[in-house]
Each structure stands twice: as C-alpha cells, then as structure tokens.
Amino acid sequence: MNTPILHQEFRFRLKSALIWSAAAIAVIFVYLAFYPPLADEAAIMNKAMANFPPQFLQAFGMQHMDWGSIMGFYGFVFLFVQVLLAVQASLAGFGLISTDETEFIADFLLARPVARSQVLTDKLLAAFFALTITNAAVWAGSLAALNLFQMGRGYDLRAVLLLLGSIVIFQLFFLSVGLFISLVVRVRSVLSFAMGLALGLYALGALSSILGDVKLGWISPFTHFEPNRIIETGAYDLPLAMISITVIILALAGSFWRYRRRDIPAVA
C-alpha cells in the first residue's frame, strides 16, 4: 500500500494537516476555557438566552442548551469544530485532482505505468490519512479540555465518544462530495468552491432548523450529526446518518467513473 504516489501525496498534505489540527485544538481549548466563568453565572445566562429569538438559537443548535452543563457547552463548541473540519475536508476533496490539472502536472502523473483507479485510490488514501491526523487531534483536544475545564461536574463520556465518532463520516462526506464536484465541473479556485460547499451546507442545516423543514435538513451533514441532538438522545439519528453514508458511496463511485474517462489537460 506504500506506493510512491501515496507517500508523496501524504508528505505534501502533512504540514497542512498539522496546521488544521493545531487550529482545531485551539478552537476547543479557547472556547471551553470560557465555560468555568459562564457556569458560575448559569442561571443568568439561561435567563438571558431565553430572551433570544428562537430562530437564532435553533440556527446555532442552542435551543436546549444549559449553560450550567459542560456537555451543553461542548455541543455548542463542537458545531464550530464541525465547520472547521468541513472546510478542511472540502479543500482536500476539491484540490485532490483539480490542483494537479491547474498546475499542469496531471499529465506527467498519469504518464506513469499506474492505472488511473490506482492513482485516485492513492490520492484518496493520502487525503484520508491527513484528515485522520486532525480527527485524532480533535479527540485528544476534546478529552483533554473537558477534563481540564469540567470544574468537577463530570461529563457524559458516551455522548462525547458518539460525537467524536461521527467525525470520520462527516469528513468523508465533504471529501467525497468535493472530489465528485471537481470532476464534474472545472474548478479554478479550490478555496472558493470549498468554502461554498462547507458554509453552504452549514447555512442549509441552520435554515432547516429555523424553518422546521425536516426534508431540507436531509441534504446537510450538519443536520445528520447535530451535536446537541446527539448529546440529548445519546444516539445517532440512523436514517440521517445513512444518508451521509449513501452520499459518500455514490460520490466515490461517481468519482472513479468520471476520473477514468476524464480528459486531462496537458502542457502545450
């Protein structure tokens, strides 16, 4: 499995993965550091939040949030972590093939005696391994921060593990969808497309909560793995989770099909 393409692609993505990992840990620690002082004023904070428009609370998954519970606060923080993970995975997906094409190195890569399906497999594995580094960082950062800032109140480890366990599917969703879109249309600006996909689906999930439109939420993985709902129920919404898994399978299958038939731009 340690092919030259896989090795080179992973080395290329390693620095970026470490930067994203540091950013994820920073978000977790910075936000959870606010919990102790806010928890001391939980009654005041809960009363203040009750005066906010319900639509605002629903957009940020705060409609059932208890400021005296670190789990409720962690669910709020985890939403921001999801946005970060979505942007990272989207960048990886859109850039997986389009970067090679815009820099006119795809023809050189495909001139090697390696099947296109193997090239794409190696690239996907390298991207997945890089995303897994960030996944592991979120696990380590979350557990460390929760233990540091819990103030002796404890937390629901099972619910935390459920949230953390959803990351791999969440990342694969944006990675696979970003890749598929990049093979359907010519992507000139990876950042623009990645931000559009990640923030667009976040906005769609928020709009679904605001409007109470369940069908609208079927499209967004932010709805499939809504942090506070997982914390409240102690389980995934399996039908919604299966939508994410189905999209991943279809997007990957479609990507392999498109890549084998794709015209690759060459250096003139």
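Brief remarks on what is shown
- The condition of being crowded, with 23+ Cβ neighbours inside 10 Å, over 13 Å from V81 (Cα atoms) and within 17 Å of the chain's Cα centre (by Cα) holds for only one of L162, L172, that being L172.
- Residue within segment 134-142 that is surrounded by fewer than 20 Cβ atoms within 10 Å (Cβ to Cβ), among the aromatic types (F, W, Y) and on the phi < 0 side of the Ramachandran plot present: yes
- Of all residues in segment 198-238, those being without any contact (Cβ under 8 Å) to a residue 60 or more places away in the chain, out of contact with any His (no Cβ under 9 Å at 6 or more places or on another chain) and of a type outside the set (A, V, I, L, M) number 9.
- Any chance D107 is closer than 26 Å to F193 by Cα and at pLDDT below 85: yes
- Neighbours by Cβ (under 8 Å, 6+ apart or cross-chain): first from segment 121-132, of a type in the set (V, I, T); second assigned to a helix (DSSP H, G or I): T132/V168
- When L199 is tested against (1) at pLDDT below 85; (2) surrounded by fewer than 22 Cβ atoms within 10 Å (Cβ to Cβ), just one condition goes unmet, and that condition is (1).
- Pair list, Cβ under 7 Å, 6 or more apart: segment 75-99 residue under 12 Å from E226 (Cα atoms), other residue polar (S, T, N, Q) and part of a helix (DSSP H, G or I): G75/N228
- Annotation: A235 fulfils all but one of (1) surrounded by fewer than 18 Cβ atoms within 10 Å (Cβ to Cβ); (2) in a helix (DSSP H, G or I); the unmet one is (2).
- Residues that are touching a helix residue (DSSP H, G or I) at 6+ places or on another chain (Cβ under 8 Å) and either closer than 22 Å to L125 by Cα or at pLDDT 95 or above (or both) within segment 251-267 comprise A251, L252, G254, S255, F256, R258, Y259, R260, R262, I264, listed in sequence order.
The values are calculated or read from the model by the stated rules, or taken from the named source; none is laboratory data. This structure is a prediction, so every number in the text was calculated from the model and none was measured. Quick reminder, even Gly has a Cβ in these numbers, built from the backbone with ideal geometry, and neighbours come from all protein chains shown.
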